[in-house]
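These notes are about the structure you will find just below.
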Amino acid sequence: MTTVDLRVTSGIGTSASRPDGTLKVKGEFAFSSDLWHEDMLWGATLRSPYPHARVRGIDLTAALAIPGVYAVLTHEDVPGAKRYGLEIADQPVLAMDEVRYQGEPIAIVAANHPETARRAAGHIAVDYLELPPVTDPEQGELLRRVPVRTGDPHATADVVVTGDYEVGMQDQAFLGPESGLAVPAEDGGVDLYIATQWLHVDQKQVAACLGLPEEKVRLTLAGVGGAFGAREDLSMQVHASMLALHTGKPVKMVYGREESFYGHVHRHPATMRYEHGATREGDLVYVRARIVLDGGAYASSSTAVAANAATLGIGPYEVPNVDMEAAVYYTNNPPCGAMRGFGAVQACFAYESQMDKLAAALGMSPVEVRIRNAMTAGSRMPTGQIVEGPAPVASLLARVRARPAPPPSTLDLRELPGGVSNTTHGEGVVRGVGYAIGIKNVGFSEGFDDYSTARVRLELIGGEPAVLVRTAAAEVGQGLVTVQAQIARTELGVERVTVAAADTSVGSAGSSSASRQTYVTGGAVRAACQAVRATLLARVGGTDLVGDRIVDAAGTTVATLAEAIGDEPVEETVEWRHRPTFPIDPETGQGNAHVQYAFAAHRATVDVDVELGLVKVVEIATAQDVGKAINPLAVVGQIQGGTAQGLGLALMEEIQIVDGVLRNPSFTDYLIPTILDMPPMAIDVLELADPHSPYGLRGVGEPPTISSTPAIVAAVRAATGKALRRVPIRPEHIAA
């Protein structure tokens, strides 16, 4: 794979251009689906049509007889561990005696043409005994229950509001389906080029399933066409590697869009019951809540999602008495796991709906009741953890409230609900405004060893100082390659920075998830650069690096940077960790589970055709504290993108599951927002430094997704007067 020579001219705090940006816009960027190898074969997967069935037999005869087929493999051909999983190894590489969700892989094929491989997969005969599926989570097997309890469980209040809420199953809907290339190696191992979020956790699972030592399974990050959590779990990694080792030939696998819907996890559907109690003045007294998550057929990261839902489940508010519980269950629905917001999204929709209901019961404005109860620096979470550093909840709300209102709607059809479909000329259209704010943890939690590794090399190339940065951090579209170069440029003052393609030849960087990579890998790159600088200064007896000069304590130049490097490059490798977190008590949920909290607020303005149930989002105003904007333009892009996914969950995105069967596995029937659905956005970016993080930065990627959904729903409620307890909102919820 190639490296990227950035030659950046700016460091942190500036909007350095992205090296992949122009290539992606022009269609010239190499994604994993573009991988090619001479004499390669193509892989295909046979999947179960049933959500629950006994596998009584598999006949491969007809598939193997097709010309061009090189291999047809089942669970009997798995050379190592037959199950894998992010947190619990419960998912079969290929189904054995039972299938537990529709789309579960049964067998894999390698052939000399992709159509031949798919045709052969269709000729595999499987004898199924269909079984009744378990689709109601509370009828399924409990995977994890997370209680969070503090204060008086029997507290009473003057004003009490309750509500039942539901969140449908959302898909990450990345535009680049799962794909990769496995190449058998001379040492008996395999080189895997793959679009993923976490190279080393893939390596560990793939090696175990292949029965190989980890050093013989080498992974290199291929071009990633979006992720949003769905690439944390394995898809075709083991399958392609098995076929490559079995045939002795490179094997490429590329999912189509329909197979992609079956081939990755989704956001957990949730049902939630909340009760809020407050004084007549509007001070929260207690919150009691129960969240039920549908984990689907296998565990994935469900246990951590449940912990997030519970520990963040009352929102960014001070509440003295909390009785919260989140529980996740196995079902025969599709597996659910990580998606942007990771448990906080579902909870935020419920608690923010409750805050609006409480405001109405108190006769207060929705913003005032939130500001009155807003947590601040030093507030105590329901887990007992003290919020360190800025917690500008009230400030963010005040900022979005103070934004000028968008102009009144016109009779331009393009600006009305329904658009140019000419459903209205303004009659029946009502405007509504809604607010929401959310809280999200940053980084891995509950005592997980969260670290990243960076190797930085400083050398002369053509007489010019140059830096090479190597990490295993996955660039999934968030701009991480650019950020690493900006940090190196800032710390070493070197114009020429190359960020190598991420691979497993350097230590783990953890996952590109949990809004953590700029924090943790950025911290590792910074620390490695500082180690390089210290080594270089010691070499020539200097005390500081000023531009391209090394100076002593008196400020006298002792050497130029080029002279200090000479013919001896300086290279340092550093493992960098954030402050430790700790497991929570299994009975009370008490403990310092998270390392950092992030906050975002949204104000949504909508026009609603109350007769037809159509919604036009007119404007979204948002404010978010990012600690330090390492790349301000990239920060704005993250806020816009996250808000778009929140809009999708509010108004259109849902995987339709009926009796365990997925009904809409296509972008024809699973709708995501386009540029025509996205409104103008007014964005306030606050930079209130976190005292513990590199440069004071705070994770950015997830908070916009969390509070945008309830803000939009609140605006639709304001326009319609409907309760709207479920997302996504459908036209019949409004017009019925």
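The values are calculated or read from the model by the stated rules, or taken from the named source; none is laboratory data. Computed from a predicted model, the values in this text were never measured in an experiment. In this analysis, Cβ positions are derived from the backbone assuming ideal geometry, glycine residues included, and neighbour counts consider all displayed protein chains. We work out accessible area using only protein heavy atoms, side chains counted, and drop any ligands, DNA or RNA first. Shrake-Rupley method; radii C 1.70, N 1.55, O 1.52, S 1.80 Å.
Taking the 1.4 Å solvent-accessible surface of the chain as the whole, the part contributed by carbon and sulfur is 51%. Sorting R730, R399, R47 on solvent-accessible area from highest to lowest, probe radius 1.4 Å, gives R399, R730, R47. When only alpha carbons are used to place a centre, region 58-94 and region 288-308 end up 29 Å from one another.
Applying 1/(1 + (r/R0)^6) with R0 = 45 Å to the Cβ-Cβ distance of E141 and H37 gives a FRET efficiency near 0.60. Solvent-accessible surface of region 476-596, taken per residue with a 1.4 Å probe and all protein chains present: 37 Å². Here the Karplus relation 6.51 cos²θ - 1.76 cosθ + 1.60, evaluated at θ = phi - 60°, turns the backbone of region 166-171 into coupling constants of 9, 10, x, 7, 9, 9 Hz, with x for every Gly and Pro.
Taking every DSSP bridge with both residues inside region 278-339, close to 10 percent are antiparallel. Between Q656 and R663, N664, the built amide H atoms are under 5 Å apart, and every one of these is 5 or more places off in sequence or on another chain.
About its Cα centre, the dipole of region 453-507 is roughly 80 debye, where the only charges are +1 on Lys and Arg Cβ and -1 on Asp and Glu Cβ.
Calculate I(q)/I(0) for the chain by the Debye formula, one identical point scatterer on each C-alpha and no solvent, and give its log10 at q = 0.07, 0.09 Å⁻¹ to two decimals. Relative scattering, expressed as log10 I(q)/I(0), comes to -0.51, -0.84. Taking the charge dipole of region 229-331 about its Cα centre, with +1 at Lys and Arg Cβ atoms and -1 at Asp and Glu Cβ atoms, the residue from A244, F261, G282 reaching farthest to the positive side is A244. In this structure the amide hydrogen of Q590, modeled in the peptide plane, comes within under 5 Å of the amide hydrogens of R149, D585, none closer than 5 places in sequence on its chain. Using θ = phi - 60° in the Karplus curve 6.51 cos²θ - 1.76 cosθ + 1.60, the 3J(HN,Hα) couplings for region 492-498 round to 10, x, 9, 5, 9, 10, 10 Hz; x is entered for Gly and Pro. When shorter helices are ignored and each DSSP H run of at least 4 residues is given -39500 (n - 2.57), the per-residue value for the chain at 222 nm works out to -7500 deg cm²/dmol.
The lysine pair count for the chain, using Cα distances under 24 Å and pairs eight or more places apart or on different chains, is 15.
Along the axis of the charge dipole computed for the chain (Cβ charges of +1 for Lys and Arg, -1 for Asp and Glu, origin at the Cα centre), the listed residues N422, G493, T116 are led at the positive end by N422.
A simple charge model with +1 on the Cβ of Lys and Arg, -1 on the Cβ of Asp and Glu and nothing else charged puts the dipole of region 44-168 at about 500 debye relative to its Cα centre. When the chain is described by a simple charge dipole with +1 on each Lys and Arg Cβ and -1 on each Asp and Glu Cβ, the residue from I291, G363, P335 located farthest towards its positive end is G363.
Given +1 at the Cβ of Lys and Arg, -1 at the Cβ of Asp and Glu and no other charges, the dipole of the chain around its Cα centre is 1080 debye to the nearest 20. Among the GluC sites (Glu not before Pro) in region 380-432, those located in a DSSP loop and surrounded by at most 14 other Cβ atoms within 10 Å of their own Cβ are E427. Across all Cα pairs in region 148-224, the calculated P(r) in 10 Å bins from zero up to the longest distance comes to 14, 29, 15, 11, 14, 13, 4, 0 percent per bin. Converting phi to 3J(HN,Hα) with the Karplus coefficients 6.51, -1.76 and 1.60 and the offset θ = phi - 60°, region 647-661 yields 4, x, 5, 5, 10, 8, 8, 7, 6, 8, 10, 10, 6, x, 9 Hz in sequence order, with x at every glycine or proline.
Near A107, the amide H atoms lying under 5 Å from its own belong to L46; only residues 5 or more places off or on other chains count, and H is placed 1.01 Å from N. Accessible surface comparison of K26, K216, K249, probe 1.4 Å, protein chains only, largest first: the order is K26, K216, K249.
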